[in-house]
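For reference, the structure discussed in these notes is given below.
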Amino acid sequence: MAEKEDFKFDFDHYDDESAYSPYGRWEEMRSKCPVAWSEKNGGYFILSKYNDISEAIRNTGTFSSAGGVTIPPKPVPKLPPNEFDPPVHGMYRRIVNPLFSPERVAENRPWMRAIARDYTQRMLKQDAFDVSIDCAMQVTQDVTQRLLGIVDAPDDMKRCAEDLVLMRGNAEESGAKLVELLNLEIDKRRTAPGDDVISTLLSASYDGKRPLTDHEIVHTSLLILLAGLDTTTSAIGGAVWYMLKHPEIREQLLGADQRTWRLALDEFVRWTSPAQGTARTLAHETEVNGCPMHSGERIFFLVASGNRDEEEFPNPDEIVIDRFPNRHLAFGMGPHRCLGSHVAKAILQDVLEGLLEGLHNFRIKSDDDVVWEASNVRGIRSLPVVRI
Ligand code: HEM
């Protein structure tokens, strides 16, 4: 009988290879060891093929989110709705869905676009700037805070959020600080409610039976604050990086119609795959492709590899701006599919539109200065460009 040790593969989604040059290893995993067992990070299984991931990620009965969706789990209490299984997951998710619908995003679009324009126009006037740090992260941060109704965020809010998402610095202390800040925001909204996420959570009811507790409101808000930051920033950084390396993509986008833009946004998100993977805990014993898995063991769905699976995507390493069909996994699949996908794509489009006209006047400062990072999220953290 097979043991998990028979599926052993040297893999760590935090190492430099994952950050800078993961494509060969992902390919090797998909072809030789599509269900892998790594001894790193406390020991975990990794699924790397598109079909295996898309099937397992929807199977919430076997692959539970309740043990946390990161490896290792974040040092904060469980975040609704993401770290709850159905049916409780649905109770939380129904409350926040309307706030992130395409219609709601369209209503918010004028102020979202204005934030993106403000940063992109300012950057394009400089002789040098960092696409990720000075532009992508700032726009994403401002948009997310405004969705939450936070108007005067303290300077270290962004750093704390990044520490927690990237599991660096003192993540535990940063988590505690964010919880404290969000509690203050709840108090403000109690006396002066608005049409933001925190106000909506304050007036919401769990399953029509009771108001949400402050704990539930804080941790739902915390998830919304964290989930979009580095993911959207990575999508923007990756898309701009690719266009600087392949100017023809920028030219194709310049005259693109709305349909092409829609397809292009999904293609940028597939190619960048900012959520490198999402984790689950085995709810009971099972077997995937002959590999036995036991209750309580941890598994990582390596979404970024699934999105490069040549059996699903022809020429997977290339960006084809009008790729169709494109059933990518970048926003997940099933009940936990990304709540903020319409917000993310709106920010991505607004920033790219803002940068497109002037981008041909800039080049990457040097390949050595581009910083990629990998954890549960993956992508470019610093993309310095200089005027040509
Ligand atoms: C390109 C940007 C983004 C990517 C690639 C991305 C990716 C993902 C993925 C893969 C999941 C599923 C996680 C799982 O299965 O456990 C997810 C869930 C989620 N995302 Fe995003 N995300 C992005 C932007 C955003 C933004 C901007 C927000 C909010 C402002 C957001 C909020 C959420 C929330 C709340 C969930 C949990 C949904 C649930 O469990 O029901 N995301 N995202």
Hey, rough spin-label estimate for residue 186 and residue 215, points 7 angstrom out along Cα→Cβ, what's it come to in nanometres? 1.0 nm
Could you name the lysines whose alpha carbon sits less than 24 Å from that of residue 8, not counting residues in the same chain fewer than 8 places away? 32, 40, 49
Using a 7 Å offset from the Cα along the Cα-to-Cβ direction at both residue 66 and residue 289, what is the distance between the two label points in nm, to one decimal? 2.9 nm
Going from the alpha-carbon gyration tensor of the stretch 4-387, what semi-axes, largest first and in whole Å, does one get by taking the root of 5 times each eigenvalue? 30, 29, 19
Report the full-extension gain for the segment residue 118 to residue 151: residue separation times 0.36 nm, less the Cα-Cα distance, to one decimal in nm. 10.2 nm
Nearest 0.05, what FRET efficiency do residue 88 and residue 363 give at R0 = 51 Å with Cβ-Cβ as r? 0.50
Which FRET efficiency value, to the nearest 0.05, is calculated for residue 195 and residue 310 with the Förster distance at 45 angstrom and r the Cβ-Cβ distance? 0.50
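At 222 nm, what helix-only mean residue ellipticity would the chain give, in deg cm²/dmol to the nearest 500, using -39500 (n - 2.57) for each DSSP H run of four or more?
-14500 deg cm²/dmol
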Once you list every other residue whose beta carbon is under 12 Å from the beta carbon of residue 43, what net charge do they have if Lys and Arg are +1 and Asp and Glu are -1? 0
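Please find the FRET efficiency linking residue 40 to residue 386, where r is the Cβ-Cβ separation and R0 is fixed at 51 Å, and quote it to the nearest 0.05. Before the final figure, lay out each step's value.
Working: r = 37 Å, r/R0 = 0.74.
According to the calculation, E is roughly 0.85.
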Quick check: convex hull of the Cα atoms in the stretch 205-341, volume per residue, rounded to a whole Å³? 160 Å³
Share of carbon and sulfur in the accessible heavy-atom surface of the chain [1.4 Å probe, %]: 50 percent
May I ask you to compute the full-extension gain from residue 126 to residue 106, defined as 0.36 nm times their residue separation minus their alpha-carbon distance, rounded to one decimal in nm? 4.1 nm
With every protein chain kept in place and a 1.4 Å probe, the chain has an accessible area per residue in Å² of 42 Å²
Only Lys, Arg (+1) and Asp, Glu (-1) charged, at Cβ; the stretch 4-387 dipole about Cα centre in debye: 940 debye
Listed residue pairs exceeding 20 Å between alpha carbons, taken from 125/365; 125/345; 74/177: 125/345
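The values are calculated or read from the model by the stated rules, or taken from the named source; none is laboratory data. Because the structure is a prediction, the values reported are computed rather than measured. Cβ sites come from the backbone with ideal geometry, for glycine too, and all protein chains shown count toward neighbours. For accessibility, only protein heavy atoms count, side chains too; no ligands or nucleic acids. Shrake-Rupley method; radii C 1.70, N 1.55, O 1.52, S 1.80 Å.
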